[in-house]
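Encoded as structure tokens, the structure appears first; notes follow it.
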Amino acid sequence: ERMRTGELIMGVPMTRDDDPKSRNIWEKMWRAWKLAGEEYLDKFDYIAKVDFDSFFIAENMRVFGSYLDPDQPWYVGHTLFHRWRQNLIYNSGTCYVLSREAVRRLSIRLQNIPKVCYKCGGTQCADRAGAGEDPQTGGCLRDLNIVPTDSLDRNGRQRFLPFRPRDHLFNIEYKSDPHDWFWHYKGAIGQKQVKQNCCSNYPIAFHNFKTDPAVIYNKNALYELEYFFHSAPYESRILGMDPPSRKSYQYDPMILDFELEANGDIKNVRDDEKRGKWLTEENVKLLQLEDK
């Protein structure tokens with residue numbers, strides 16, 4: 001009951017300090033995922049990882065999630081491609097959502113991960129210091145062959161937004177710069193996701209309220225969403241949100257500067273960066289996938 005009403009705060013055991021300069025967000029998150037998978041699987045269908053400066057619209061996520069089976073491994077959020085050459089595609093840590101089954105498998109994968117130095121291991125699933133939890137989560141899920149789910153609406157607009165509504169609607173322009181972390185490999189799909197076509201009518205999350213923190217706590221904050229997107233609380237339940245495609249992430253194949261294998265791996269990828277590399281016969285039994 002306390003978990004259902006939001007009164008329960010999980011205590012996560014840390015081995016590193018909580019120095020605000022290092023933050024060690026990755027250790028906090030992998031230990032939280034492990035704890036959730038070991039002790040709370042019967043308490044939720046989905047878990048959302050939401051940054052402190054993000055605005056999360058739970059009502060819209062409830063409707064989105066109702067189209068999916070939480071006992072399948074879903075990984076939903078704003079998908080980033082700028083580390084694709086390391087065979088890593090992951091969801092932005094501003095806000096992403098894992099289904100119950102994804103959490104279950106991830107918690108098992110996290111039971112015995114090696115401890116490495118801060119800059120060691122690249123995109124590998126390992127315990128390291130620092131704040132970069134979103135690519136590390138993506139790397140651990142990659143080991144399980146779990147990749148980001150397509151979260152776009154039927155018009156190709158984003159439901160998980162890394163910036164504030166006003167930024168996406170009025171300020172952010174498409175960039176073809178190959179070093180731009182936000183637009184890299186989005187190509188023609190990304191070119192359409194600007195200004196008035198940026199965002200779904202039923203968005204799930206916005207982020208980057210650091211310079212305007214009052215918006216997060218302002219009881220009238222949802223009026224901004226209603227004004228810009230004609231999306232009031234619970235409206236998605238009444239009018240009906242278009243369902244997700246249930247496919248993996250969308251990308252523009254015309255702008256790729258590398259070749260892909262049939263399973264989605266880039267060609268000639270390192271063995272330790274391959275999808276599903278952890279899924280040996282022994283580990284598959286550990287996951288009990290043969291029963292699913």
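The values are calculated or read from the model by the stated rules, or taken from the named source; none is laboratory data. Just so you know, these numbers come straight off a predicted model, no measurement behind them. Using ideal geometry, Cβ is built from the backbone for each residue, glycine included, and neighbour counts are taken over all protein chains shown. When the accessible area is computed, the model is the full protein with side chains, heavy atoms only, and any ligands, DNA or RNA have been set aside. Shrake-Rupley method; radii C 1.70, N 1.55, O 1.52, S 1.80 Å.
It is to be established whether one or more residues within region 146-165 are surrounded by 15 or more Cβ atoms within 10 Å (Cβ to Cβ), over 25 Å from residue 242 (Cα atoms) and of a type in the set (Val, Ile, Thr).
no
Residue 249 passes all but one of (1) at pLDDT below 95; (2) among the aromatic types (Phe, Trp, Tyr); (3) touching a strand residue (DSSP E or B) at 6+ places or on another chain (Cβ under 8 Å); which number fails?
In the conditions (1) at pLDDT below 95; (2) among the aromatic types (Phe, Trp, Tyr); (3) touching a strand residue (DSSP E or B) at 6+ places or on another chain (Cβ under 8 Å), residue 249 misses (1) alone.
Within region 71-80, does at least one residue satisfy the condition of being out of contact with any Gly (no Cβ under 9 Å at 6 or more places or on another chain) and open to solvent by less than 20 Å² (accessible area, probe 1.4 Å)?
We begin by selecting, within region 71-80, every residue out of contact with any Gly (no Cβ under 9 Å at 6 or more places or on another chain); these are 71-73, 78-79.
Narrowing further to those that are open to solvent by less than 20 Å² (accessible area, probe 1.4 Å): 78-79.
So far as region 71-80 goes, yes, one or more of its residues are out of contact with any Gly (no Cβ under 9 Å at 6 or more places or on another chain) and open to solvent by less than 20 Å² (accessible area, probe 1.4 Å).
Of the residues 182, 206, 163, 170, which single one is over 29 Å from residue 66 (Cα atoms) and either in contact (Cβ under 8 Å) with a residue 24 or more places away in the chain or over 15 Å from the mean Cα position of the chain (by Cα) (or both)?
Values: 182 fails: over 29 Å from residue 66 (Cα atoms); 206 fails: over 29 Å from residue 66 (Cα atoms); 163 fails: over 29 Å from residue 66 (Cα atoms).
Only one candidate passes the filter, namely 170.
Yes or no: residue 185 buried (at least 20 other Cβ atoms within 10 Å of the Cβ) and assigned to a loop (DSSP other than H, G, I, E, B)?
Details: buried (at least 20 other Cβ atoms within 10 Å of the Cβ): yes; assigned to a loop (DSSP other than H, G, I, E, B): yes.
It is true that residue 185 is buried (at least 20 other Cβ atoms within 10 Å of the Cβ) and assigned to a loop (DSSP other than H, G, I, E, B).
Residue 34: assigned to a strand (DSSP E or B) and in contact (Cβ under 8 Å) with a residue 24 or more places away in the chain, yes or no? Before you say what the answer is, go through the steps one by one.
Working: assigned to a strand (DSSP E or B): no; in contact (Cβ under 8 Å) with a residue 24 or more places away in the chain: yes.
No: the conditions fail for residue 34.
Among the numbered criteria (1) modelled with pLDDT of 70 or more; (2) outside any helix (DSSP H, G or I); (3) under 21 Å from residue 196 (Cα atoms), which single criterion is violated by residue 236?
Every condition holds for residue 236 apart from (2).
Looking only at region 96-116, how many residues end up being touching a Lys or Arg at 6+ places or on another chain (Cβ under 7 Å), open to solvent by less than 20 Å² (accessible area, probe 1.4 Å) and of a type in the set (A, V, I, L, M, F, W, C)?
Here the count works out to 1.
Please go through region 126-140 and give me each residue that is open to solvent by less than 10 Å² (accessible area, probe 1.4 Å) and either hydroxyl-bearing (Ser, Thr, Tyr) or out of contact with any strand residue (DSSP E or B) (no Cβ under 9 Å at 6 or more places or on another chain) (or both), ordered by number.
The answer is 130, 137, 140.
Can we say residue 156 is farther than 29 Å from residue 30 by Cβ, in contact (Cβ under 8 Å) with a residue 24 or more places away in the chain, in contact with a helix residue (DSSP H, G or I) (Cβ under 8 Å, 6 or more places away or on another chain) and in a loop (DSSP other than H, G, I, E, B)? Show your work before the answer.
Working: farther than 29 Å from residue 30 by Cβ: yes; in contact (Cβ under 8 Å) with a residue 24 or more places away in the chain: yes; in contact with a helix residue (DSSP H, G or I) (Cβ under 8 Å, 6 or more places away or on another chain): yes; in a loop (DSSP other than H, G, I, E, B): yes.
Criteria met by residue 156.
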